[in-house]
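Below is one structure, written out as structure tokens; the observations come after it.
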Amino acid sequence: MLGYEDDFFSASELAVKGVGITNPWPRKSFKGVLYNLYRVVIFSVATVYFVFELMVMKETIKDLFKFLGNIGMFATHFVGVSKFLILTTQRKKIQKIMDSLQSDKFKYVSLGNFKPYEKFNTAKKRSSKIVTVLMVCYVGVGVSAHISAVLNMLGHEYTENIDCQMFVPYFSYWPYDFNTTFKCHILFFLFDWPLGIFASNIAGYVSLL
């Protein structure tokens, strides 16, 4: 319309959907049930992690370096879950604001050299680039942590049981015995996957601002 590109927030909406957050379906529909189940799983995982991280912080309080590192981990999870809660419970209100901001009443007809749509389209492209950078940086938290742990294990030979904690970039807690390289890979995944999810929730929230 009048030279304006459609949906200024298309990149932001794609980013949010990419982390599993979308406009809610009717609760009794099949998709609605699956969506609510997804929300329950995310909050359940977050609760378990909060408990484990509090236990770790208690154990590492005397080691300043490890303690500060775990505060950062805890903050990422806490903020990520908070943003997830806002995006899932206030999605309709956020969508209403987005629709209002790009209402047709704010789109003006070009007159001579005055072409308002050019600023709109340029801003949309800039916004899309910012959203992309945000997603790459935030999601990269979990990905880089996993790669770092795996690389730390390469080239090592083990003749006895090992401690997976030797290879992770942060102190962690898990109530099971992980003492082989295969089990270490499982442990890395169990910790880095949620970290990536919670970090991406933060990125999804920020991308809509």
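Summary table
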read-out: Ellipticity estimate at 222 nm from DSSP helix runs (n ≥ 4, -39,500 (n - 2.57)) divided over the chain, nearest 500; value: -23500 deg cm²/dmol
read-out: Extension reserve of the PHE43-LYS93 stretch, reckoned as 0.36 nm per residue once the Cα distance is removed; value: 15.8 nm
read-out: All lysines inside 18 Å of LYS125 as judged from Cα atoms, apart from same-chain residues fewer than 8 positions distant; value: LYS107, LYS115
read-out: Unit charges on C-beta of K, R, D, E only; dipole of the chain, Debye; value: 1240 debye
read-out: Entries of LYS28/LYS96; LYS17/LYS129; LYS17/LYS93 with Cα pairs more than 19 Å apart; value: LYS28/LYS96
read-out: Relative contact order, percent, region 10-207 [alpha-carbon distance under 8 Å, six or more residues apart]; value: 34 percent
read-out: All Cα pairs of region 8-136, percent lying beyond 21 Å; value: 60 percent
read-out: Net +/- balance of residues flanking VAL33 in space, Cβ distance below 12 Å, scoring K and R +1, D and E -1; value: +4
read-out: Along the chain, longest interval not containing exposed chymotrypsin sites (Phe, Trp or Tyr not before Pro), exposed being DSSP loop plus at most 14 other Cβ atoms within 10 Å; value: 1-107
read-out: Between region 49-123 and region 1-42, the alpha-carbon center distance in angstrom; value: 15 Å
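Laboratory data are not the source of any read-out in this text; all were calculated from the coordinates shown. All of these numbers come straight from a predicted model, not from anything done at the bench. Please note: Cβ atoms are built from the backbone with ideal geometry, for glycine as well, and neighbour counts cover all protein chains shown.
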